[in-house]
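> Pasting a structure below so you can have a look.
The values are calculated or read from the model by the stated rules, or taken from the named source; none is laboratory data. Note that this is a predicted model, so its numbers are computed, not measured. Cβ: placed from backbone, ideal geometry, glycine included. Neighbour counts: every protein chain shown. In case anyone asks, the SASA skips ligands and DNA or RNA and just uses the protein heavy atoms, side chains included. Shrake-Rupley method; radii C 1.70, N 1.55, O 1.52, S 1.80 Å.
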Amino acid sequence: MKVEIPIFHSFLAARLNCNSHRPHPSFPPPRRCLISPPVAGEARFSLSLSRLIQSYLLESLAMEQDTGMFTVPQTIGNVLCCKCGIPMAPNAANMCVTCLRSEVDITEGLQKNVIIMHCPECDSYLQPPRTWIKAQWESKELLTFCVKRLKNLNKVRLVHAEFVWTEPHSKRIKVRLKVQKEVLNGAILEQSYIIEYVQQDHMCESCSRVAANPDQWVAAVQLRQHVPHRRTFFYLEQLILKHDAAARAIKIQQMEQGIDFFFSNRSHGVKFVEFVGKVAPVRSRTDKQLVSHDIKSNNYNYKHTFSVEISPICREDLICLPPKVALSLGNLGPLVICSKVTNSIALLDPFTLRHCFLDADQYWRSSFKCLLTSRQLVEYIVLDVESVSSEVNVGGSKYALADAQVARVSDFGKNDIIFNIRTHLGHLLSPGDYALGYDLYAANNNDIDLEKYKGLVLPEAILIKKSYEEKRQKKRGKPRSWKLKTLNMEVDDTKVRGDQEKTSNEYEQFLRDLEENPELRFNISLYRNKEYQPSEMASVTDGEDLPSVPLEELLADLDLSDVEDSGDSMRE
């Protein structure tokens with residue numbers, strides 16, 4: 001048996017034969033030799049050989065720590081280029097970079113000029129065969145689209161890609177690519193080159209259809225809510241703007257009890273209906289009408305209509321629950337307040353602070369209407385407040401039960417009627433404050449569900465929220481430090497002046513609700529008003545304790561170009 005082992009300098013050779021002197025570290029590298037140990041002592045020879053190697057390593061390590069080891073520096077020599085003769089570092093081709101590039105062009109066969117189709121209306125690009133991709137100027141999406149349009153790019157290795165600045169109106173896009181490829185004898189060459197893309201304007205199918213006939217729509221979504229106010233649509237408009245849910249709409253039209261959205265594709269209408277169902281309790285039905293039919297190709301063209309009805313229950317409404325519904329909710333109420341409306345309805349008992357949530361399916365299975373709406377709120381003045389329970393968190397909002405003595409503001413100077421009631425606003429009200437509530441003492445109720453509760457004693461008043469009307473009188477006419485964005489809707493100009501004033505008053509009340517309720521503006525984007533300038537002469541007590549929107553919740557105002565591109569407007 002022959003074992004091939006390295007001889008570490010002259011140390012191992014000396015130890016195999018006899019004890020010799022230690023070799024100098026500068027001796028040439030070890031050679032390899034063949035040693036044929038006796039067959040009988042093969043195991044003893046392997047053990048002695050491993051001990052010799054171990055002892056050599058230990059002695060070498062001790063010598064390095066004591067005296068320091070002398071190493072010969074390795075230098076890389078230079079060679080002459082085979083073409084121009086300049087000194088250079090050796091490589092596989094033995095040619096300098098300049099000569100190598102003159103001999104080999106790795107960009108040969110790659111595209112240098114490409115024509116792309118661009119839709120000037122929606123700012124999208126055609127990805128063959130029929131896909132249109134939206135991409136902004138010099139964006140990551142546009143760079144990815146340009147690189148994917150190149151052919152034969154798999155022959156090289158792409159290292160880097162970047163835009164080269166061009167005039168936006170020049171209809172040219174330039175991209176600089178850096179690629180690598182293996183050339184002569186395994187040498188890797190890196191090279192940069194510029195590709196020029198020529199934009200040719202060509203309208204996409206949807207834009208050409210809209211340009212030919214703006215009223216040509218495929219799907220229409222009709223949002224309706226049968227209530228005498230538009231507070232729900234003001235809030236829903238802000239949610240649509242924040243989530244950009246109506247970006248695909250070709251026309252938006254304001255109707256008497258709702259809004260109509262028109263789309264060029266049925267899938268866009270379905271997606272919009274799904275969005276509305278996630279933010280409001282709705283029920284919908286769909287219908288379609290045949291427009292044309294091609295007998296030869298068996299193609300049908302339909303117009304689809306989605307009728308979406310929003311629940312008539314709104315925030316701050318007073319509700320009398322039907323007996324069956326109250327029983328299913330654990331004998332809640334029957335007089336409850338709607339405290340919040342999302343895709344479900346939050347109901348609160350103002351006398352016990354019990355609450356529950358009704359989703360859309362539960363509500364429409366046994367629907368009911370409100371007893372009194374927010375338009376019937378009456379202003380009261382608080383004369384005395386006595387706390388009954390400590391402040392508790394109910395459904396994400398804070399409430400506290402209290403017994404209060406209140407009187408109607410309109411009764412001052414006429415009579416001395418005082419109401420002793422229980423309210424859930426004990427953590428907010430103090431003697432001398434004003435509050436808005438429902439006057440059940442003078443209300444004429446003709447509700448069928450209320451008549452089913454025999455022997456039910458109605459309270460004289462139910463307070464809903466604290467009022468800041470007296471403090472707002474001091475700031476009347478002053479602009480706000482924030483503003484909202486509005487949809488670009490077509491409004492019927494034939495409305496009488498009274499309806500316009502009514503809409504303006506309702507919108508002003510919606511803005512006040514945003515200032516008073518932080519939960520209401522949680523899902524809304526508020527923008528800073530650049531034209532707002534705080535008055536230096538304002539008194540210290542002006543607007544004291546008046547709710548307002550903190551500056552940290554406001555977003556930076558949009559530029560004029562951004563507003564024009566989005567087709568929306570700003571409203572204070």
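> How about the stretch 347-435: which trypsin sites (Lys or Arg not before Pro) there lie in a loop by DSSP and see at most 12 other Cβ atoms within 10 Å?
Answer in residue order: K414.
> Quick one: accessible surface of D349, probe radius 1.4 Å, all protein chains present, in square angstrom to the nearest 10.
Answer for D349: close to 10 Å² accessible.
> Also, quick follow-up: Scan the stretch 350-445 for chymotrypsin sites (Phe, Trp or Tyr not before Pro) in coil per DSSP, keeping those whose Cβ has at most 14 other Cβ atoms within 10 Å, and list them by number.
F412, Y441
> Past 27 Å, Cα to Cα, is the threshold; run K242/K271; K398/K454; K369/K454; K414/K465; K140/K181; K465/K502 against it and keep the listed order.
Distance filter (> 27 Å) returns K398/K454.
> Tally Lys/Arg at +1 and Asp/Glu at -1 over every other residue whose Cβ is under 13 Å from the Cβ of V198; what's the total?
It works out to a net charge of +3.
> Among the lysines, which have Cα under 16 Å from the Cα of K288 when same-chain residues fewer than 8 positions away are ignored?
K303
> Could I ask something else about it? Run the numbers for R375 and T342: contour at 0.36 nm per residue of separation, minus the present Cα-Cα distance, in nm.
Length difference between fully extended and current span is 9.8 nm.
> In units of 2.2 N^0.38 Å, what is the alpha-carbon radius of gyration of the stretch 79-204?
1.35
> Across bins of 10 angstrom width beginning at 0, how are the C-alpha pair distances of the stretch 388-494 distributed, in whole percent?
10, 28, 28, 22, 11, 1
> Between the DSSP loop rule and a limit of at most 14 other Cβ atoms within 10 Å, which GluC sites (Glu not before Pro) in the stretch 213-274 are left?
Hits after loop and neighbour filter: E256.
> Take the Cα radius of gyration of the stretch 317-467 and divide it by 2.2 N^0.38 Å, with N its residue count; two decimals is plenty.
Compactness ratio reported: 1.05.
> What does the accessible area of I252 come to, in Å² to the nearest 10, when a probe of 1.4 Å is used?
20 Å²
> So what's the Cα pair-distance distribution over the stretch 206-310, bin width 5 Å, in %?
Taking all Cα pairs of the stretch 206-310, the binned fractions are 2, 12, 22, 24, 18, 11, 6, 3, 2, 1, 0 percent.
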